[in-house]
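Chemist: One structure coming up, written as structure tokens, with questions to follow.
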């Protein structure tokens, strides 16, 4: 007696084939691909070098008292007054928008935080004042702002 295969028998054969051969082959190919991608990526650094956080702003003669300069690439305002030179971040402490300078201080265009000319928070959702950055002089008399070194508000380079 000959027995005919039913549809359910053929489905189980297909599943059995897949579980016996298809799945292990697929897992093997995927593992090999992941290994090869890892090996091929090894010569390239995971972290690319970024900006150092230090940038030149000129000499003291370039910044006479009353000067205000905005360094767009570094998002920093540099001020020079009778007491010295100081740098204030242009990044709002609320959500990181870039503040605009007006006659009374700084205004965040995103949510309306206001800071005075020394970066002190006056109103708005921002949680704290704008940070001040260290200003120092190189041996060649160039002044440098270091965004990785915060200083207390009021500290100026003289």
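Chemist: Helix 23-41: angle to the longest alpha-carbon principal axis of the chain, degrees 0 to 90, nearest 10?
Modeler: For 23-41 against the chain, the angle is about 30 degrees.
Chemist: Between residue 149 and residue 116, how high is the FRET efficiency from 1/(1 + (r/R0)^6) when r is the Cβ-Cβ distance and R₀ = 25 Å? Nearest 0.05.
Modeler: 0.65
Chemist: Can I ask one more? If I take R0 = 30 Å and measure r between the Cβ atoms of residue 75 and residue 41 in this structure, what FRET efficiency does the formula 1/(1 + (r/R0)^6) give, to the nearest 0.05?
Modeler: 0.40
Chemist: Mind checking the angle between helix 7-17 and the chain's longest principal axis? C-alpha axes, 0 to 90 degrees, to the nearest 10.
Modeler: Computed tilt is about 60 degrees.
Chemist: Another question, then. Go ahead and run the numbers for FRET between residue 140 and residue 54, Cβ-Cβ distance against an R0 of 22 Å, rounding to 0.05.
Modeler: 0.95
Just so you know, all these numbers are worked out from the coordinates, no wet-lab data involved. Bear in mind the structure is a predicted one, so any value in this text is a computation, not a measurement. Because the Cβ atoms are built from the backbone with ideal geometry, glycine has one as well, and the counts that use them run over all protein chains shown.
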